[in-house]
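Here's the structure we're looking at; comments come further down.
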Amino acid sequence: MRHPVLFLKPPTALIGPGDTIRLPLQSKQVDYEAELALVIRKKGKNIPKSRAKEFIMGYVCLNDVTARDLQKADGQWIRAKGFDTFCPVGPRVAQLANPNNVDIQLTLNGKIRQKSTTSELIFRVEEIVSFVSFVMTLLPGDIISTGTPQGIGPMKPGDTVAVSIEGIGTLENNVV
């Protein structure tokens, strides 16, 4: 992959720790994706990689919930990733000494489904911030996800999904 793939989630997709992920009737397969995300500190455009960290307020856990069947059917990702409740974030905005090398894990009903480190991701945090800033102006409070490790999979009603990242904590949500 030569550059990051960009997609947007609407504000109505955002939920916090303990909030409920609601599965849409239009989809037969909704997947979890544990991700490290960053929160933008200040307005920025055309940010060089060497200055990217100046624009980062901190880091959060993010579950990039995706209607996988709709993603494949549409060929683009807005609908599949944009349903209400499809972007749980939290539990807090934290500082990380090296966001490019922290442990990340997802459990589904207490069983580990994803376990890796951000050092395995395709793009470093600085590369992602720079790339996105050359496409669109970044604003305070914007959230950028960094990608998910192997092991994504489906959720169903009644499940509990938890994303844990070293130095941040655990983001836990129930599924209905």
Original post:
Looking at Asp84, Asp103, Asp69, which is the one that is surrounded by fewer than 17 Cβ atoms within 10 Å (Cβ to Cβ), within 18 Å of Asp19 (Cβ to Cβ) and modelled with pLDDT of 95 or more?
Top reply: Asp84
Original post:
So how many residues does the range 82-92 have that are aromatic (Phe, Trp, Tyr) and either over 22 Å from Ile165 (Cα atoms) or not in a loop (DSSP other than H, G, I, E, B) (or both)?
Top reply: 1
Original post:
Going through the range 135-159 one residue at a time, which ones are surrounded by 14 or more Cβ atoms within 10 Å (Cβ to Cβ) and β-branched (Val, Ile, Thr)?
Top reply: Ile143, Ile144, Thr146, Thr148, Ile152
Original post:
Where in the range 1-81 are the strands (runs of 3 or more DSSP E), entirely inside, with at least 1 residues that are under 19 Å from Val132 (Cα atoms) and not aromatic (Phe, Trp, Tyr)?
Top reply: 34-40, 56-63
Original post:
Given the structure, is Val175 modelled with pLDDT of 95 or more, of a type in the set (A, V, I, L, M), surrounded by fewer than 20 Cβ atoms within 10 Å (Cβ to Cβ) and more than 22 Å from Lys43 (Cα to Cα)?
Top reply: no
Original post:
Quick check: anything in the range 167-176 closer than 22 Å to His3 by Cα and under 16 Å from the mean Cα position of the chain (by Cα)?
Top reply: no
**OP:** Would you check which residues across the range 91-130 are within 29 Å of Val175 (Cα to Cα) and in contact with a Lys or Arg (Cβ under 7 Å, 6 or more places away or on another chain) and list them?
**Re:** Gln105, Leu106, Thr107
**OP:** Give, as residue ranges, the strands (runs of 3 or more DSSP E) completely inside the range 93-176 that count at least 2 residues that are without any contact (Cβ under 8 Å) to a residue 60 or more places away in the chain and among the basic types (Lys, Arg).
**Re:** 111-117
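The values are calculated or read from the model by the stated rules, or taken from the named source; none is laboratory data. Since we're looking at a predicted model, the values are computed, not measured. Positions of Cβ are backbone-derived with ideal geometry, glycine not excepted, and every protein chain shown enters the neighbour counts.
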